[in-house]
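What follows is a set of notes on a single structure, which appears directly below.
The values are calculated or read from the model by the stated rules, or taken from the named source; none is laboratory data. All of these numbers come straight from a predicted model, not from anything done at the bench. Note that we place each Cβ from the backbone using ideal geometry, even for glycine, and neighbour counts take in every protein chain shown.
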């Protein structure tokens, strides 16, 4: 059966994408999950995957075309039973020919019918060109979030002397390439806390909360020279601390190199933002729709700490915030999540497995 592959939505603020590169050709037999094309969004270049297995019949989109989300970019021949339930971002199979995609071609000369102009310039050069100013894209997404989501905010200061000492000792025992990053340790605590407090993990869609068992942990990555993006570490709940640490490092490197996959841009179920390396004490975040929560960490810093007996000493503190959707949870549920994160950070040995 003929099946339309469409331009997927790779973010709440994405209306169109620029086709950078094809990884397939007509006649290729492809598998589900295989990379088929590179697309540039407002924030990054992303490799998109096929949601179906089949044979490539036709490539509709041309290199450098700007194509609207939902428009057909290729046709596959797939088994009839493989199109019963199209994945999100994919069009349902059509009995008749679908309309041509709405595009704004960047080509100086139109390609001949049936011919698809191959990429001639280096990938890095294409990926460096922006469709829309990154700052404008971020502003649109955040404006939508603040307009549609009734945020509430909580903040707590954690005393983390034990965590700092544990991490220092742990890293002294590890080779340099395996040493743990503080952000990865904090992410691990968030993942474990979410497993005990699942009301923060999922999407608000069609007027209802859709809870997700899998935790796809979005992380805020600073881009150079400017801007941020929030790709996700997929299935973070299945990873040990060491594995999460490696996945974090890999995702940051690929995000900055423009080598992300579409699921990493679309499937995040909750986001963690860490501004510690930038020197900020705390961050009050804005939720990334359709997610319902965002956890923010500031920098690890020395500060006066008042002990239970009234004594004052110097110690390490970490300001942690939660932005959450009041349609889904309340301050009581949010406080439980922050308290669980605090307890886990106070017992860092529990974070390893």
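A compact table of results
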{"read-out": "Strands (runs of 3 or more DSSP E) fully within segment 282-337 counting 2 or more residues that are touching a helix residue (DSSP H, G or I) at 6+ places or on another chain (Cβ under 7 Å) and buried (at least 21 other Cβ atoms within 10 Å of the Cβ)", "value": "293-297, 312-325"}
{"read-out": "Subset of segment 252-263 [touching a helix residue (DSSP H, G or I) at 6+ places or on another chain (Cβ under 7 Å) and not in a strand (DSSP E or B)]", "value": "258"}
{"read-out": "Residue 258 on the phi > 0 side of the Ramachandran plot and either buried (at least 17 other Cβ atoms within 10 Å of the Cβ) or assigned by TED's automatic domain parsing to the domain that holds residue 154 (or both)", "value": "yes"}
{"read-out": "Residue 211 loosely packed, with under 15 Cβ neighbours inside 10 Å, in contact with a strand residue (DSSP E or B) (Cβ under 7 Å, 6 or more places away or on another chain) and assigned by TED's automatic domain parsing to the domain that holds residue 342", "value": "yes"}
{"read-out": "Single match in 210, 190 (criterion: under 21 Å from the mean Cα position of the chain (by Cα), modelled with pLDDT of 95 or more and not in a helix (DSSP H, G or I))", "value": "210"}
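Rundown of residues vs (1) under 29 Å from residue 228 (Cβ atoms); (2) assigned to a strand (DSSP E or B); (3) over 21 Å from the mean Cα position of the chain (by Cα), yes/no style:
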| site | (1), (2), (3) |
| --- | --- |
| 20 | yes, yes, no |
| 25 | no, no, yes |
| 36 | yes, yes, no |
| 48 | yes, yes, no |
| 51 | yes, no, no |
